[in-house]
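Enquirer: Below is a structure I'd like to ask you about.
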Amino acid sequence: MHREDGLLVQRFDKLLIANRGEIAMRILRAAHELGIRTVAVYSDADRNSPHVRFADEAYHIGPPPARESYLVIEKIIDVARRAGAGAIHPGYGFLAEREAFAQACVDAGIVFVGPPARAIAVMGDKLMARSTVLAADVPVVPGTEPGLSDADMAAAAIKMGFPVLVKAAAGGGGKGMRPVHRAEDLTGAFESARREAKAAFGDDTVYIEKMITESRHIEIQLLADAHGNTIYLGERECSLQRRHQKLIEEAPSFVVDPDLRRRMGEVAVAAARAVDYVNAGTIEFLVDRDKNFYFLEMNTRVQVEHPVTELVTGVDIVQEQLRIARGRRLRLRQEDVQIKGWAIECRINAEDPYNNYLPSTGTITSVQLPNGPGVRIDTGVFEGNEISPYYDSMISKLICYGETRAEAVLRMRRALEEYRIMGVKTNIPFHQQMLQRHRFMSGQFDTKFVEERFSMDERGAPYALEAALLATLAAHTQTQEAAQLVAPGARDTSNWKWLSRWERLRR
């Protein structure tokens, strides 16, 4: 470390990416553009993955199960030392929000590209996070305090009124969370939530939180440097989710006006400052139909959906993470942040939407990626890539930008039509059907919309096949007609009834 222009700079010229898939590729590209050499790590299952080939160096860290490879702190630190990496970027998932990993990096003299370990610890414990932000006058969803017995939590639930949520104090992603609509179901919810929380996070502490019905899930993107500067980059709409897993995200939100954006942004900044937060982070809020908003949790890492914010603000969030980790001041002030246009992200997962979203595994035999104006795709898979049961089912993120929401939606529809993946089933049909729904187009949805008011149209698959067949027939007929114009002759009209049917389908 040294001082440069009066600033404390933590200089590093080699970065280890402690992750895989599309986020590893995203970080590698950002680092390369900043002239930072890169180190990849990989399990047996990822030996031929793009992030391994794209990095300047790559090191094997174990067998496919994450608990034996990507989740082993000692292996990651050892590789960083052997490779001479001065910093580690955790991406999201795996070790990204583990206090122990952030501290292990610091103890080893390695820069952790993320917040201080204490901030991760406080915001990673939902009960501690609630009490911390309450002290900073941040509105929170009504809920129980730490240390209550099951009987006390049950009494509190009855007092606040049903429905409520039994929630794990640690972790996220919907694990250890159970909705409860009747008092007699509380005991079973406590037991099942604790079992899942213990298995997922090693901590079976749970608490009660009031369920805000007809709510929107809105999050605020933050950037904070080590010099006391914290800004927000607008909001993201993340209400379209299933089992608390986000499926489609937008920036900005359909329901957030400039005044609400400012108020939510200022509250998010206050929450981050309450834990001396540094680097990129996200404050998640629930917003009710009267536009009251409540702190939900803080994600102390880069978010899966960060690209939509990048497209509407022009800020490269991952590069900013690296600059902040080097001790630089933020290049933007709050008044410099402008929201322009609209961006939508669809998470493309290997799962079957016609079969209760059952995960799909296998080998990708063919890939045709969409492109064109306003289309961005973040992916870490390739033709011949095996989709295994060991990791998350997300194949890629498809992001489309337009000057208006309507233009972004139209571009997304076109991009989804162009996207071809063979070998595994994907949720592309889900996205295509969702983007055609009136309630989506009019912004009339909440966090329960997918689970309670949306179902896949079973006609979608045969309709797509029929449309493809008719399109082929129409193209063939048009080719024949073109040939007849060159060499006029007797005209065969036997296929025109099919062509007219295709025209009706197109309408």
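Enquirer: Please determine whether any residue of segment 42-54 is surrounded by fewer than 20 Cβ atoms within 10 Å (Cβ to Cβ) and either within 23 Å of G281 (Cβ to Cβ) or touching a helix residue (DSSP H, G or I) at 6+ places or on another chain (Cβ under 6 Å) (or both).
Expert: So far as segment 42-54 goes, yes, one or more of its residues are surrounded by fewer than 20 Cβ atoms within 10 Å (Cβ to Cβ) and either within 23 Å of G281 (Cβ to Cβ) or touching a helix residue (DSSP H, G or I) at 6+ places or on another chain (Cβ under 6 Å) (or both).
Enquirer: Is one or more of the residues making up segment 309-319 in contact (Cβ under 8 Å) with a residue 12 or more places away in the chain and over 28 Å from G443 (Cα atoms)?
Expert: Yes, the conditions are met somewhere in segment 309-319.
Enquirer: Still on this structure, I have one more. Do we find a residue being acidic (D, E), at pLDDT 95 or above and in contact with a helix residue (DSSP H, G or I) (Cβ under 6 Å, 6 or more places away or on another chain) anywhere in segment 320-342?
Expert: Within segment 320-342 (the criterion being acidic (D, E), at pLDDT 95 or above and in contact with a helix residue (DSSP H, G or I) (Cβ under 6 Å, 6 or more places away or on another chain)), the answer is no, since none of the residues qualifies.
Enquirer: Still on this model: Could you look through segment 115-166, keep only residues that are of a type in the set (D, E, K, R) and surrounded by 19 or more Cβ atoms within 10 Å (Cβ to Cβ), and pick out the one that is nearest to A96 (Cα to Cα)?
Expert: D125
Enquirer: Could you tell me how many of the residues in segment 207-221 are assigned to a strand (DSSP E or B) and either buried (at least 21 other Cβ atoms within 10 Å of the Cβ) or among the hydroxyl-bearing types (S, T, Y) (or both)?
Expert: Residues meeting the conditions: 9.
Enquirer: More than 30 Å from H32 (Cβ to Cβ), among the charged types (D, E, K, R) and touching a Gly at 6+ places or on another chain (Cβ under 9 Å): does that describe E297?
Expert: In short, yes.
Enquirer: Now, a different point. Go through segment 175-186 residue by residue and tally those that are surrounded by 15 or more Cβ atoms within 10 Å (Cβ to Cβ) and in a loop (DSSP other than H, G, I, E, B).
Expert: Result for segment 175-186: 2.
Enquirer: Hand me the list of strands (runs of 3 or more DSSP E) wholly inside segment 350-442 holding 3 or more residues that are out of contact with any Leu (no Cβ under 9 Å at 6 or more places or on another chain) and closer than 16 Å to L247 by Cβ.
Expert: The strands (runs of 3 or more DSSP E) meeting that bar are 394-402.
Enquirer: What's the number of the condition N229 fails, among (1) in contact with a strand residue (DSSP E or B) (Cβ under 7 Å, 6 or more places away or on another chain); (2) of a type outside the set (D, E, K, R); (3) surrounded by fewer than 23 Cβ atoms within 10 Å (Cβ to Cβ); (4) modelled with pLDDT of 95 or more?
Expert: (1)
Enquirer: Let me ask another. From A155, A189, A108, grab the single residue that is of a type in the set (A, V, I, L, M) and either touching a residue at least 24 places away in the same chain (Cβ under 8 Å) or assigned by TED's automatic domain parsing to the domain that holds Q245 (or both).
Expert: Being of a type in the set (A, V, I, L, M) and either touching a residue at least 24 places away in the same chain (Cβ under 8 Å) or assigned by TED's automatic domain parsing to the domain that holds Q245 (or both) holds for just one of A155, A189, A108, which is A108.
Enquirer: May I ask you to verify whether R411 is basic (K, R), closer than 27 Å to R178 by Cβ and over 19 Å from the mean Cα position of the chain (by Cα)?
Expert: The answer is no for R411.
Enquirer: Within segment 90-98, is there a residue that is among the basic types (K, R), without any contact (Cβ under 8 Å) to a residue 60 or more places away in the chain, surrounded by fewer than 23 Cβ atoms within 10 Å (Cβ to Cβ) and closer than 26 Å to G143 by Cβ?
Expert: Among the residues of segment 90-98, at least one is among the basic types (K, R), without any contact (Cβ under 8 Å) to a residue 60 or more places away in the chain, surrounded by fewer than 23 Cβ atoms within 10 Å (Cβ to Cβ) and closer than 26 Å to G143 by Cβ, which makes the answer yes.
Enquirer: What are the residues in segment 243-265 that are in contact with a helix residue (DSSP H, G or I) (Cβ under 9 Å, 6 or more places away or on another chain) and either part of a helix (DSSP H, G or I) or buried (at least 19 other Cβ atoms within 10 Å of the Cβ) (or both), if any?
Expert: L247, I248, E249, E250, A251, P252, S253, V256, G265, listed by residue number.
The values are calculated or read from the model by the stated rules, or taken from the named source; none is laboratory data. These numbers were taken from a predicted model, which means no experiment stands behind them. Cβ coordinates were reconstructed from backbone atoms using ideal geometry, including for glycine residues, and neighbour counts include every protein chain displayed.
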